[in-house]
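Have a look at the structure below, then the notes.
The values are calculated or read from the model by the stated rules, or taken from the named source; none is laboratory data. Only a predicted model underlies this, so the values are computations on that prediction, with no experimental measurement involved. No Cβ is skipped: glycine too gets one built from the backbone with ideal geometry, and neighbour counts run over all protein chains shown. What goes into the accessible areas is simple: the full protein's heavy atoms, side chains included, and nothing from ligands, DNA or RNA. Shrake-Rupley method; radii C 1.70, N 1.55, O 1.52, S 1.80 Å.
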Amino acid sequence: MGGIFGTISQKDCVNDLFYGTDYNSHLGTKRAGMVTFDKERGFTRSIHSLERSYFRTKFEDELSSFCGKQGLGVISDTDPQPIIVNSHLGRYAVVTVAKINNLTDIADELLQQRMHLSELSANTLNQTELVALLINMGNSFVEGINHVFRRIEGSCSMLVLTEDGIIAARDFLGRTPLVIGRKEGAYAVSSESSSFPNLEYDTVRDVGAGEIVQIQADGINVLQKPFKRRQICSFLWVYYGFPTSTYEGINVEETRERNGKMMGQEDDTPADFVCGIPDSGVGMAVGYAQGHGIPYRRAVLKYTPTWPRSFTPSNQAHRNLVAKMKLIPNKAFLKGQRVVFCDDSIVRGTQLRDNVRTFFDAGAKEVHVRISCPPLVYGCPYIGFTSQKSDMELITRRIIKKFEGDAGKNLNKYATTDSPEYQRMVDEITRELGLTTLRFAKLETLVRSIGLPKCDLCTHCFDGSSYCHEHDNDKA
Ligand code: SF4
């Protein structure tokens, strides 16, 4: 997905920019960048690869080269950013959280019009540069950003650093978040509100779907009101979001606990205790323990001293090895026990299968798995939440292909909780992963735990429901 952070202050902003961007590190694994603007020195920018190291390690030594009262930072899962542009709108820098599915089509069209794309450092089209080109086609930033919204298929939230403040524009359907924070003499805007407390910002509000605001050190100016429709990614509360973050006034960890509690209340499976698979299964497991009335115990722990975050090597076999090595089971708790393990989701199933073997090897008598969302039957066309290149990497699709001879057949039946096809698919996943029992959250449970109307949420990867014409979003 990726995360972005911007800050503007009456004083130097570099410290807040550095730590605020770092607090988005769990959202991306490929590249990171920072840019500051100073009236005398202009723009200062740096971009580094994150594939072998972490944001703080990469940027700490060069912090003294940045200066200014306003800046942007980005943790990118795709292209090198920020992009700095000299245009008829003035000089500006831009960072995005975006997935542009028609990138090549738009680029071809612009090249035909004799425009050029120069950022080829990653040997591929840079979608943030394309966003900048589309912005430049407007007579103002607002017109240009709406041009981006109209042209792209996918999603795009962005921050633009101008000589006159920061412009924040959230995706036209609000799929990815942007939250504004304030402290005396400064504002910040971030993909994650968890960036704010340690930097002493208080959350002011979310930027609305399609809303465009200009942020200066002393206030916020709404340049475009939010659109009526929104389709906020429900997976933010399941997996992406940092537990202390709050989107739309709804806290991530509270949502996970509510979800787990509802699942625990509905579940009569006898068990000795429940354990969350770190990190994103923990909140659900705490709620499940309350709902089911059994203890919560930490029977598996993440080895944090050298595996501090979801480090994601590009090679799948290496990813599986990393996933296995960073979790250590506690044999003293598992021996002879019937254990419920809670996890956020099952994508390919390979990591969970390895974990389950480890739990049995450590002496567990029964391994019951509870998942905080429904099975992922459809790939994500909007934010690219997994690195899967095709839907066939989803365990559900592999099984559907095995049953139907066609991975795309009867998907709606497999996505319908408790249908015979759904049950058969879940039974097969249970068998393949070697589990004692397996249950997924119902979509209604997930939606109720978030607390927003279903029509305000994107649930496409669970039920294929969120295809809509993306460019018919009227202004409020
Ligand atoms: S398809 Fe799934 S992961 Fe993608 S935006 Fe929708 S809910 Fe989020």
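Selection of region 1-38 for residues being in a strand (DSSP E or B) and surrounded by fewer than 24 Cβ atoms within 10 Å (Cβ to Cβ) yields SER9, ARG31, ASP38. Of all the numbered requirements in (1) charged (D, E, K, R); (2) over 26 Å from LYS69 (Cβ atoms); (3) surrounded by fewer than 16 Cβ atoms within 10 Å (Cβ to Cβ), ARG151 misses one, and that requirement is (3). Criterion first (surrounded by fewer than 15 Cβ atoms within 10 Å (Cβ to Cβ), modelled with pLDDT of 95 or more and either more than 20 Å from ASP268 (Cα to Cα) or not β-branched (Val, Ile, Thr) (or both)) does GLY408 satisfy it? The answer is no for GLY408.
Condition check ((1) out of contact with any Leu (no Cβ under 9 Å at 6 or more places or on another chain); (2) among the aromatic types (Phe, Trp, Tyr); (3) under 23 Å from ALA217 (Cα atoms)) across all residues:
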| site | (1), (2), (3) |
| --- | --- |
| GLN70 | no, no, yes |
| ASP108 | yes, no, no |
| LEU117 | no, no, no |
| LEU125 | no, no, no |
| ILE135 | no, no, no |
| GLY154 | no, no, no |
| LEU159 | no, no, yes |
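Looking at region 175-193, can you tell me whether even one residue there is within 23 Å of MET1 (Cβ to Cβ) and of a type in the set (Phe, Trp, Tyr)? The answer is no, given that none of the residues of region 175-193 is within 23 Å of MET1 (Cβ to Cβ) and of a type in the set (Phe, Trp, Tyr). Against the criterion of being within 28 Å of LYS39 (Cα to Cα) and not in a strand (DSSP E or B), ALA93 does not qualify. Whether a residue is open to solvent by less than 20 Å² (accessible area, probe 1.4 Å), within 19 Å of ALA441 (Cα to Cα) and in a loop (DSSP other than H, G, I, E, B) was assessed, and PRO374 passes this test. Applying the set (1) within 16 Å of the ligand (Cβ to nearest atom); (2) at pLDDT 95 or above; (3) closer than 25 Å to PHE149 by Cα to TYR240 leaves exactly one unmet item: (2).
If you check ILE232, ILE220 for being among the aliphatic types (A, V, I, L, M) and in contact (Cβ under 8 Å) with a residue 60 or more places away in the chain, only one passes: ILE232.
Looking at this structure, is GLU143 under 19 Å from GLY6 (Cβ atoms) and free of Cβ contacts under 8 Å to residues at least 60 places away in the same chain?
no
Every condition in (1) open to solvent by 30 Å² or more (accessible area, probe 1.4 Å); (2) at pLDDT 95 or above holds for ARG175 except the one numbered (1). Residues in region 49-76 that are in a strand (DSSP E or B) and either under 15 Å from GLY20 (Cβ atoms) or modelled with pLDDT of 95 or more (or both): GLN70, GLY71, LEU72, GLY73, VAL74, ILE75.
When each of GLY379, GLY384 is tested for being modelled with pLDDT under 90 and either open to solvent by less than 30 Å² (accessible area, probe 1.4 Å) or in a strand (DSSP E or B) (or both), the lone residue that passes is GLY384.
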